[in-house]
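Below is one structure, written out as structure tokens; the observations come after it.
Here, each number is a calculation from the coordinates, and none is a lab measurement. This one's a predicted model, so the numbers in the text were calculated from it and none came from an experiment. FYI the Cβ positions are ideal-geometry reconstructions off the backbone, even for glycines, and counts take in every protein chain you see.
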Amino acid sequence: MPAEIGRRVIANGEPGVIIADRRHYIGVILDNDPKKRIRNYCPTWEMQYGETEKVLLFKYSEVLTTGL
């Protein structure tokens, strides 16, 4: 499977980018998530892989949500 950081994916029908390796899961930020949360997805379940983009650099504060 072509899961790697920076690769475009469609996770359960939603476009996003792989941003983290989370052992048995991949961390994906969905394009339409205004809070830019990293969500865990199984790399084989309902996952379509696209092209690799330049590695996206996020500040730690841009990825974490506040007020959980």
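Taking Lys and Arg as +1 and Asp and Glu as -1, the other residues whose beta-carbon sits under 12 Å from that of residue 21 total +2.
Placing pseudo-labels 7 Å out from each Cα toward the beta carbon at residue 36 and residue 52 gives an inter-label distance of 2.3 nm.
Rg over Rh for segment 6-49 works out to 0.91, using Cα positions for both radii and the Kirkwood form for Rh.
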